[in-house]
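Novice: Got a structure here, written out as structure tokens. Questions coming.
The values are calculated or read from the model by the stated rules, or taken from the named source; none is laboratory data. Bear in mind that the values here come from a model prediction, so they are computed numbers and not experimental data. All Cβ positions, glycine included, derive from the backbone under ideal geometry; neighbour counts span all protein chains shown. Accessible surface areas use protein heavy atoms only, side chains included; no ligands, DNA or RNA. Shrake-Rupley method; radii C 1.70, N 1.55, O 1.52, S 1.80 Å.
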Amino acid sequence: MPTQADAAGRSPRAPGRGMDPRAARSRAAALAAAQELLVEQGWSAVTHVAVAARSGVGRTTLYRHWPDSPSLIYEAIAQRIANARPTRTGVLRDDLIGQLNGLRALLHDPVGERGMRVVIERAGVDPTFAELKESLYQAGSGGFRAIVELAKENGELPAELDTELAIDQLAGPLMFRRLLAERTFGAEYVHAVADAFLDANPPPRRRGAAGGSRKG
């Protein structure tokens, strides 16, 4: 299962510089097999037996890296989250759009979408998946959290803005539209969400200027 470091938003485990290339290939093959099974047959198909059969990686190796099926599913999804993380520019609007576009890509990726649906569905009845859901939420929301907190420190967003509410305002519309409404959307929608958020949360200096002009 995920560690506290994973929950804090750490990328899924990556091979170190000294790792045997064969071990790295085995890990990659196992994760690819787990992702394929998740999309094709659902979460219950992601077993060590099935992943071993499809990937050619021995079950002993699989159990060493992933002691249970939820940990395999976690890393299969977390890998996609890590791949969707954009490079930050330091420009608030651009960084928000980049983060939202990463989420958009994840929601339209079969592994990401199916994985999130599975975790949300199972979390209500399985404590292991509930823990997995919280870890994935922390990993997926970490980029938004860092951008919002920095913007509050720099005076680009109101200091009193609740960061968790801000994440809801940004990511919520995309999650609702894709996972509940089951609609696709493009960059134009992402831009509209980012601009609506910024309009609803102007920096203190802009609010002050607007207030002064109204008084005049």
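Novice: Considering Cα pairs under 8 angstrom that are at least six residues apart, work out the relative contact order of segment 20-119 and quote it in whole percent.
Specialist: It rounds to 30 percent for segment 20-119.
Novice: How large is the direction-averaged shadow of the alpha-carbon convex hull of the chain, in nm²? Don't jump to the answer; show the numbers that get you there.
Specialist: Details: hull surface 56.2 nm².
Its Cα hull, projected and averaged over all orientations, spans 14.1 nm².
Novice: Follow-up. Using only Cα atoms, find the angle between the long axis of helix 204-215 and the longest principal axis of the chain, and express it within 0 to 90 degrees, rounded to the nearest 10.
Specialist: Taking Cα atoms only, the helix is inclined about 30 degrees.
Novice: Counting only GluC sites (Glu not before Pro) that sit in a DSSP loop (anything but H, G, I, E, B) with at most 10 other Cβ atoms within 10 Å, what is the longest stretch of the chain containing none of them?
Specialist: The segment 1-159 is the longest one with no such site.
Novice: For the chain, what does the relative contact order come out to in percent, with C-alpha contacts under 8 Å and a separation of six or more? Present the calculation step by step, with values, prior to reporting the outcome.
Specialist: On the way: 228 pairs, mean separation 48.6, N = 216.
This gives 23 percent for the chain.
Novice: Same structure again: Calculate the FRET efficiency for residue 41 and residue 83 from the Cβ-Cβ distance with a Förster distance of 30 Å, rounded to the nearest 0.05.
Specialist: On the way: r = 23 Å, r/R0 = 0.75.
It comes out at approximately 0.85.
Novice: If I take R0 = 25 Å and measure r between the Cβ atoms of residue 188 and residue 164 in this structure, what FRET efficiency does the formula 1/(1 + (r/R0)^6) give, to the nearest 0.05?
Specialist: Between residue 188 and residue 164 the formula returns 0.40.
Novice: Per residue, how much accessible area does the chain have with a 1.4 Å probe, in Å²? Don't jump to the answer; show the numbers that get you there.
Specialist: Details: 11220 Å² over 216 residues.
Accessible surface, normalised per residue, equals 52 Å².
Novice: Can you tell me the FRET efficiency between residue 150 and residue 28 if r is taken as the Cβ-Cβ distance and R0 is 35 Å, rounded to the nearest 0.05? Could the numbers behind the result be given before it?
Specialist: Working: r = 33 Å, r/R0 = 0.96.
Efficiency, from the Cβ-Cβ distance: 0.55.
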